[in-house]
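S.K.: Could you have a look at this structure, given as structure tokens, before my questions?
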Amino acid sequence: MDGTLLIGRSSFPYFALVAFEVGCILRLLFLLLLSPAAAVLYYLVSESAGIRGLVFAAFAGMRVSDIESVARAVLPKFYAGDLHPDTWRVFSACGRRCVLTANPRVMVEPFLKEFLGADLVLGTGILSFRGRATGFVVEPGVLVGKNKADALMAAYGGAAPVIGLGDRHTDFAFMSLCKVIIFNLTD
């Protein structure tokens with residue numbers, strides 16, 4: 001999603017919005033304090049590790065229903081303002097629209113389904129206990145690399161999607177399953 005459907009390549013601003021709207025200024029400060037560590041993990045360890053850090057800092061202890069409310073009421077305005085026009089033209093012309101994203105599904109699904117007309121959203125799952133997010137992700141983990149390809153194969157039952165849009169090297173695994181590949185529209 002980031003860097004492909006959206007112009008911005010970072011999901012941090014959206015995590016910050018959720019942290020502030022649901023958890024107040026203290027949660028936002030906690031996220032800001034942990035964000036350098038998440039950036040180091042992202043660039044030096046893996047994309048998955050960095051996203052896990054953001055998920056923990058932004059969501060640990062929050063009610064899942066509060067995250068869903070912000071995803072429906074607040075995030076669409078900001079996502080819509082960051083929508084990449086060229087990618088949107090390609091995406092809107094597709095028949096069956098499936099979005100694979102490393103972002104937490106709970107954060108992006110309302111916008112993708114209600115505003116962009118996505119038929120299926122496959123994103124990172126957030127582990128919860130008694131209605132509260134634990135800050136951890138459900139297996140198979142963050143949807144990057146092979147996890148994205150596996151999720152796509154499971155969703156399509158082995159059939160090849162027609163068009164694959166992506167913007168980073170971790171998208172190669174799922175894009176190789178598509179008949180037509182469109183890479184890095186933002187540069």
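The values are calculated or read from the model by the stated rules, or taken from the named source; none is laboratory data. Everything quoted here is computed from the prediction, not taken from an experiment. Cβ atoms come from the backbone with ideal geometry, glycine included; neighbour counts cover every protein chain shown.
S.K.: Suppose the filter is in contact with a Pro (Cβ under 6 Å, 6 or more places away or on another chain) and either over 13 Å from Val106 (Cβ atoms) or crowded, with 16+ Cβ neighbours inside 10 Å (or both); does Ala58 pass it? Talk me through it step by step, then tell me what you get.
M.R.: Details: in contact with a Pro (Cβ under 6 Å, 6 or more places away or on another chain): no; either over 13 Å from Val106 (Cβ atoms) or crowded, with 16+ Cβ neighbours inside 10 Å (or both): yes.
So Ala58 does not fit the description; no.
S.K.: Applying the selection to region 74-107, what residues are part of a loop (DSSP other than H, G, I, E, B) and of a type in the set (Asp, Glu)?
M.R.: Within region 74-107, the first condition is being part of a loop (DSSP other than H, G, I, E, B), and the residues that meet it are 74, 82, 84, 94-97.
Of everything in region 74-107, just one residue is part of a loop (DSSP other than H, G, I, E, B) and of a type in the set (Asp, Glu), namely Asp82.
S.K.: Please pick out the residue among Gly8, Gly50 that is assigned to a loop (DSSP other than H, G, I, E, B) and either hydrophobic (A, V, I, L, M, F, W, C) or under 14 Å from the mean Cα position of the chain (by Cα) (or both).
M.R.: Details: Gly50 fails: assigned to a loop (DSSP other than H, G, I, E, B).
The conditions single out Gly8.
S.K.: Moving to a separate point now. List, please: which pairs have Cβ atoms under 7 Å, are six or more places apart or on different chains, and start with a residue in region 58-84 that is under 11 Å from Glu21 (Cβ atoms) and end with one that is part of a helix (DSSP H, G or I) and of a type in the set (D, E, K, R)?
M.R.: Between residues of region 58-84 that are under 11 Å from Glu21 (Cβ atoms) and residues that are part of a helix (DSSP H, G or I) and of a type in the set (D, E, K, R), the close pairs are Val70/Glu21; Val74/Glu21.
S.K.: Right, another one. Quickly run through region 172-183 and pick out the residues that are surrounded by 14 or more Cβ atoms within 10 Å (Cβ to Cβ) and in a loop (DSSP other than H, G, I, E, B). Don't jump to the end; show me each part of the working.
M.R.: The initial filter retains those residues of region 172-183 that are surrounded by 14 or more Cβ atoms within 10 Å (Cβ to Cβ), namely 172-175, 177-178, 181-183.
Leu177, Cys178 - these are the residues of region 172-183 that are surrounded by 14 or more Cβ atoms within 10 Å (Cβ to Cβ) and in a loop (DSSP other than H, G, I, E, B).
S.K.: Moving to a separate point now. What do you reckon, is Leu26 free of Cβ contacts under 8 Å to residues at least 12 places away in the same chain and under 23 Å from Glu139 (Cα atoms)?
M.R.: Values: free of Cβ contacts under 8 Å to residues at least 12 places away in the same chain: yes; under 23 Å from Glu139 (Cα atoms): no.
When the stated conditions are applied, Leu26 does not pass them.
S.K.: When region 151-171 is examined, which residues are found to be in contact (Cβ under 8 Å) with a residue 24 or more places away in the chain, surrounded by fewer than 17 Cβ atoms within 10 Å (Cβ to Cβ) and assigned to a helix (DSSP H, G or I)?
M.R.: Met153, Ala155, Tyr156, listed by residue number.
S.K.: Can I ask one more? Please verify whether Ala71 is modelled with pLDDT of 95 or more, out of contact with any strand residue (DSSP E or B) (no Cβ under 8 Å at 6 or more places or on another chain) and either assigned to a loop (DSSP other than H, G, I, E, B) or crowded, with 21+ Cβ neighbours inside 10 Å (or both), treating the condition exactly as stated.
M.R.: Details: modelled with pLDDT of 95 or more: yes; out of contact with any strand residue (DSSP E or B) (no Cβ under 8 Å at 6 or more places or on another chain): yes; either assigned to a loop (DSSP other than H, G, I, E, B) or crowded, with 21+ Cβ neighbours inside 10 Å (or both): yes.
Yes; evaluated as a whole, the condition is true for this residue.
S.K.: In region 108-129, which residue that is among the aliphatic types (A, V, I, L, M) and not in a strand (DSSP E or B) is farthest from Ala173 (Cα to Cα)? Steps first, please.
M.R.: Within region 108-129, the first condition is being among the aliphatic types (A, V, I, L, M), and the residues that meet it are 108, 112, 116, 118, 120-122, 126-127.
If we keep only those that are not in a strand (DSSP E or B) as well, we get 108, 112, 116, 118.
Details: Val108: 22, Leu112: 22, Leu116: 24, Ala118: 21 Å.
Of everything passing the filter in region 108-129, Leu116 is farthest from Ala173 (Cα to Cα).
S.K.: List every residue pair whose Cβ atoms sit under 9 Å apart, with the two residues 6 or more apart in sequence or on different chains, where the first one lies in region 127-147 and is of a type in the set (D, E, K, R) and the second, anywhere, is part of a loop (DSSP other than H, G, I, E, B).
M.R.: Close Cβ pairs (under 9 Å, with a partner that is part of a loop (DSSP other than H, G, I, E, B)) amount to Arg132/Ala60; Arg132/Gly61; Arg132/Met62; Glu139/Gly125; Lys146/Pro140.
S.K.: Looking only at region 9-42, count every residue that is of a type outside the set (S, T, N, Q), buried (at least 16 other Cβ atoms within 10 Å of the Cβ) and closer than 15 Å to Val108 by Cα and tell me the total.
M.R.: The total comes to 7.
S.K.: Then there's this: Can you name the residue in region 154-187 that is modelled with pLDDT of 80 or more and aromatic (Phe, Trp, Tyr) and, of all such residues, is farthest from Leu5 (Cα to Cα)?
M.R.: Among them, the one singled out is Tyr156.
S.K.: Can you give me the number of residues within region 121-146 that are over 13 Å from the mean Cα position of the chain (by Cα) and under 25 Å from Val64 (Cα atoms)? Can you show your working first?
M.R.: Kept after step one, since they are over 13 Å from the mean Cα position of the chain (by Cα), are these residues of region 121-146: 127-136, 138-140, 145-146.
Add one more test, that the residue is under 25 Å from Val64 (Cα atoms), and what stays is 127-136, 138-140.
Residues that pass the stated criteria total 13.
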